[in-house]
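Enquirer: Pasting in a structure now, in structure tokens, and then I'll have a few things to ask.
The values are calculated or read from the model by the stated rules, or taken from the named source; none is laboratory data. Keep in mind it's a predicted model, so treat the numbers as computed, not measured. Every residue, glycine among them, receives a Cβ derived from its backbone with ideal geometry; neighbour counts consider all protein chains shown. With ligands, DNA and RNA removed, areas are computed over all heavy atoms of the protein, side chains included. Shrake-Rupley method; radii C 1.70, N 1.55, O 1.52, S 1.80 Å.
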Amino acid sequence: MHALISPEDAVRLKRAGYVIVGGHSAVKVCHWTKLSITGKGFCYKQKFYGIPSHRCLQFTPALPFCNHRCLFCWRNTDITIPRWSGNVDEPNDLLEKAVQAQRKLLNGFPGNPETELKKWREAQNPCQAAVSLAGEPTLYPRLPDLLRELNKKGMTSFLVSNGINPSMLEKLADEKALPTQLYVSLCSYNKRIYSRVHRPLVKGGWERLSESLELLDSIKTRRTLRVTLVKGLNFEHPEEYAELIERSGVDYVEVKAYMHVGSSIRRLAEEVMPSHEEINAFATELAGECGYLVSDDHPVSRVVLLSKDKRAEKNRGIKR
Ligand code: SF4
């Protein structure tokens with residue numbers, strides 16, 4: 001395990017449902033995976049894009065590494081190393097161990113009378129990977145190899161990045177190792193708000209994010225901006241977000257409420273979590289400003305999907 005993950009942190013992470021695999025990676029069974037296996041619903045990405053929540057592997061190759069300490073992050077941002085250090089896990093080995101860990105974490109489900117056994121059996125072989133969970137995955141030096149491995153295994157991949165490592169996004173494009181869907185978080189509309197929201201640990205973060213937004217316009221895969229909104233912090237000026245969205249040319253925008261969960265409750269009050277109605281109103285105004293279409297929503301997750309145009313809307317379902 002990475003020297004910078006203390007034994008106390010490891011215990012805290014284990015109690016929160018994480019399994020650390022290799023030196024710096026981790027798996028955690030998503031809340032929606034569990035709900036789906038017991039027939040109680042599925043995540044908004046299944047609704048929007050058709051990925052099967054019960055066969056999703058939620059993991060990170062960069063558990064302690066991030067160059068942001070976002071106020072709304074559900075992660076314990078005290079464990080944050082802004083630059084890579086130490087050994088690098090081998091991608092295929094990391095994936096094998098991640099799938100094994102997921103199977104182990106799902107072991108007890110057959111004993112639950114609500115479990116749909118067919119779904120539980122299918123969940124033994126994840127076909128979708130959410131490379132997000134914690135930390136900034138673009139800091140993992142072997143990310144291109146990891147995404148190629150996922151592709152080789154016939155798995156779809158969602159890569160969620162904070163966008164301040166444009167050189168890795170460029171590398172993924174150059175090396176044809178792009179994920180099925182590339183997410184970049186856009187949670188600020190100018191440099192001042194960027195610093196307040198993300199408390200960056202590196203210089204030039206706003207400029208790097210802007211560079212990534214420009215890059216997105218030429219990247220040949222499904223591209224999504226995730227706009228996480230917190231009242232009293234960044235929940236304003238849809239017209240300014242619209243300019244940045246247009247510059248990026250992305251296919252989809254997810255306008256999402258901050259959720260009062262995890263370690264974020266130590267930093268933000270519950271009242272700053274927008275309601276779904278407030279998110280809906282903001283998303284509709286934003287769509288009007290940037291010419292996108294309001295395509296779908298998921299009230300439980302307080303999220304609204306915007307599509308660039310009719311073509312993007314029609315093609316939002318991921319074909320396996
Ligand atoms: S896509 Fe995200 S929310 Fe949906 S099941 Fe996977 S990790 Fe959970």
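Enquirer: Just to be sure I understand the model, the point goes 7 Å from the Cα along the line to the Cβ. What's the resulting Ile265 to Glu236 distance in nm?
Expert: Result: 2.8 nm between the two label points.
Enquirer: Let me ask something else about it. Quick one: grab the alpha carbon gyration tensor of the stretch 199-320, order the square roots of its eigenvalues as a ≥ b ≥ c, and give me rounded if a/c is under 1.5, else prolate or oblate depending on whether a/b is larger than b/c. Mind showing how you got there, number by number?
Expert: Working: a/c = 1.69, a/b = 1.20, b/c = 1.40.
It is oblate, given that a/c is not under 1.5 and a/b is not larger than b/c.
Enquirer: Compute the distance in nm between two label points, each set 7 Å from the Cα along the Cα-to-Cβ direction, one at Glu116 and one at Asp78.
Expert: Each label point lies 7 Å from its Cα, and together they span 4.1 nm.
Enquirer: How high is the relative contact order of the chain? Use alpha-carbon pairs under 8 Å, at least six apart in sequence, and give a whole percent.
Expert: Rounded, it is 17 percent for the chain.
Enquirer: Can you list the cysteines of the chain that have no other Cys Cβ under 4.7 Å away?
Expert: Cys30, Cys43, Cys56, Cys66, Cys127, Cys187, Cys290
Enquirer: When each pair of different Cα atoms in the stretch 1-142 is counted once in the 1/r mean, what is the Kirkwood radius in angstroms, to one decimal? Numbers along the way, then the final one.
Expert: Working: mean 1/r = 0.0635 Å⁻¹.
For the stretch 1-142, the Kirkwood estimate is 15.8 Å.
Enquirer: Placing +1 on the Cβ of each Lys and Arg and -1 on the Cβ of each Asp and Glu in the stretch 7-314, which of Gly135, Pro91, Tyr44 has its Cα farthest towards the positive end of the resulting dipole?
Expert: Pro91
Enquirer: Say each of Ser85 and His31 gets a label point 7 Å from the Cα, pointing the same way as Cα to Cβ; how far apart are those two points in nm?
Expert: Label-label distance for Ser85 and His31, simple model: 3.3 nm.
Enquirer: So for the stretch 169-295, averaging the separation of alpha carbon pairs under 8 Å that are six or more residues apart and normalising by length, what relative contact order in percent results? Walk me through the numbers on the way to the answer.
Expert: On the way: 152 pairs, mean separation 32.8, N = 127.
With pairs under 8 Å counted, the relative contact order is 26 percent.
Enquirer: Could I ask something else about it? What full-extension length gain, to one decimal in nm, is calculated for Glu96 and Gln124 as 0.36 nm per residue of separation minus the Cα-Cα distance?
Expert: 8.9 nm
Enquirer: Using alpha carbon centroids, what distance separates the stretch 45-94 and the stretch 214-242, in Å?
Expert: Each part's Cα centre sits 20 Å from the other's.
Enquirer: What number comes out for accessible area per residue over the stretch 7-314 if the probe is 1.4 Å? Units Å², please.
Expert: Roughly 41 Å² per residue, with all protein chains present.
Enquirer: When DSSP assigns beta bridges and you keep just the ones with both residues in the chain, what percent turn out antiparallel, to the nearest 5?
Expert: The antiparallel proportion sits near 40 percent.
Enquirer: Another question about this same structure. Any chance you could check the Cα centroid distance between the stretch 110-124 and the stretch 293-311 for me, in angstrom?
Expert: 30 Å
Enquirer: Let me ask something additional. How do the peptides 5-14, 244-253 rank, highest first, by the average count of neighbouring beta carbon atoms within 10 Å per residue?
Expert: 244-253, 5-14
Enquirer: Quickly estimate the mean residue ellipticity at 222 nm for the chain, helices only: each DSSP H run with n ≥ 4 gives -39500 (n - 2.57), and the total goes over all residues, rounded to 500.
Expert: Numbers: 12 runs with 114 residues, N = 320.
It comes out at -10500 deg cm²/dmol, rounded to the nearest 500.
Enquirer: Treat the stretch 21-66 as a sphere of radius equal to its Kirkwood radius over Cα pairs and apply Stokes-Einstein at 25 °C in a medium of 0.890 mPa s; give the translational diffusion coefficient in µm²/s, rounded to a whole number. Intermediate results must be reported in sequence, preceding the final value.
Expert: On the way: Rh = 11.5 Å.
It comes out at roughly 213 µm²/s.
Enquirer: With charges only on Cβ, +1 for K and R and -1 for D and E, what is the dipole size of the stretch 132-221 about its Cα centre, in debye, rounded to 20?
Expert: 260 debye
Enquirer: On to the next question. So what are the three principal axis dimensions of the chain from its Cα atoms, in whole Å, longest to shortest?
Expert: For the chain, the Cα spread along each principal axis is 49, 42, 41 Å.
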